Amino acid sequence: MNPMAEITATLADAGTYARDLKKRTNGRTVGYVCSYTPEELILAAGAHPLRLLGTQQAIHRADAHLQTYCCSLVRGILEEALSGNMDFLDGMVFPHTCDSIQRLSDIWRLNIPFGFHADVVLPVKLTTASARDYMADVLRKFRGDLEKSLSVTITDEALREAIDLTNSIRAALRRLYELRAANPGRISGSDIHRIVRASMIMDRRRFLALLEEFLAEASGKDAPAAAKPPHRLILSGGVCNAPDVYGMIADAGGAVVWDDLCTGGRAFEEPIPAGGDPIERMADRLVKRAVCPAKHGGLTNRADHLVSLVKEKDARGIIFLLLKFCDPHAFDYPYLKAALDREDVPSLLMEVEDPLPPEGQLRTRIEAFLEML
Ligand code: SF4
Ligand code: SF4
């Protein structure tokens, strides 16, 4: 099977993949819901970290616990758990980020009767003098919680190995993005999206081997000649669980050349720095990485990041993918839009939810935006 076929098959039924992996390795699987999860500690504990990304089925069981005005990501995760589709999990980790994730944690603790449960209460303000030390203390506590719950010892050596592995994955993902940004015809946006999602689901060593194989093939390939160069765009938002959006953008004559998503750039940009105590190094990265709106990294931090991405990647505009009822991203949008307007960067706001709204509506809006460009 070629790398993309294996990745696509995994994503088509991530539950079966997780069950098979567990059986094959006789290992444990720890679910998580947010890219602030310190997955190196889970790996160093000998467990498999698996990111949960909502559901594609209709949501009704979760409605008994969460109001319908919570985002479809947390409602979808709860729906899958209540439907018994997550029997492969040995535990769950909930970083302290948005209100919806915190409420999901409470509901999970009371209603999903398996495995251990960890709340990782990371600092919200990342700009204070004590944020980094606080972050390191929270990571140490999580290390202790994992050791107790899984009856293992997490050695510094195992943690360094896990950091090397996740850093290698981050570097390979960055190369993938750079390859596409240099020539979008070479790799489809949907493939990029699938690869990033797989990086959070598959066995990490297997994933890295597949990605290296894919990169070797893709970098040796000539891009098909395009009649007209596509409009270069950046996607911004929380979680994108919908590869169709990339296809719609490509059909309308655009190409996503970078993103500011937590199923994308925010998850792999900024490696863990080299040298020293592994916990301190992880804390350094979590404080410095591209911030999401559930954290505070300075008054203009996110806008500065978006504007610099536009310039660096030579993009023509930004599409905001706002998950319906996602307050943190909705609250940030007006100031981001104003900052982009000041820089004459056109942007489009698209409200989406899982499953996606009727395709026709989104297509028309994307086409109109690209025509305007
Ligand atoms: S947008 Fe922020 S809080 Fe939400 S899942 Fe992503 S990293 Fe976590
Ligand atoms: S940050 Fe937004 S999309 Fe992510 S879990 Fe929270 S409310 Fe949902």
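Each reported figure results from applying straightforward, stated rules to the coordinates on display, with no laboratory input. Every value quoted in this text rests on a predicted model; they were computed, and no experiment measured them. Cβ coordinates were reconstructed from backbone atoms using ideal geometry, including for glycine residues, and neighbour counts include every protein chain displayed.
Structure data summary
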read-out: Long pairs among K125/K324; K288/K324; K23/K125; K141/K324; K23/K288, criterion Cα-Cα beyond 30 Å; value: K23/K125; K141/K324; K23/K288
read-out: Normalised contact order of the chain, rounded percent, pairs of Cα under 8 Å and 6 or more residues apart; value: 19
read-out: Ratio of Rg to Rh over the range 1-127 (Cα coordinates, Kirkwood Rh, two decimals); value: 0.97
read-out: Reachable aspartates and glutamates from K228, criterion Cα separation under 17 angstrom, eight or more residues apart if same chain; value: D251, D314, E367, E371
read-out: Percent of alpha-carbon pairs separated by more than 35 Å within the chain; value: 21
read-out: Distance (nanometres) between label positions extended 7 Å along Cα→Cβ at S130 and A64; value: 4.3
read-out: Cα-based reach from K221 at 19 Å (exclusive), listing aspartates and glutamates while leaving out same-chain residues under 8 positions away; value: E178, D191, E212, E213
read-out: For the chain, calculated [θ]222 nm from helices alone, where every DSSP H run of n ≥ 4 adds -39500 (n - 2.57); value: -16000 deg cm²/dmol
read-out: Test item: Cα-centred dipole of the chain, Lys/Arg +1 and Asp/Glu -1 on Cβ, debye; value: 220
read-out: C-alpha center-to-center spacing [the range 123-146, the range 248-265] in angstrom; value: 33
read-out: The chain - share of DSSP beta bridges that are antiparallel (%, nearest 5); value: 0
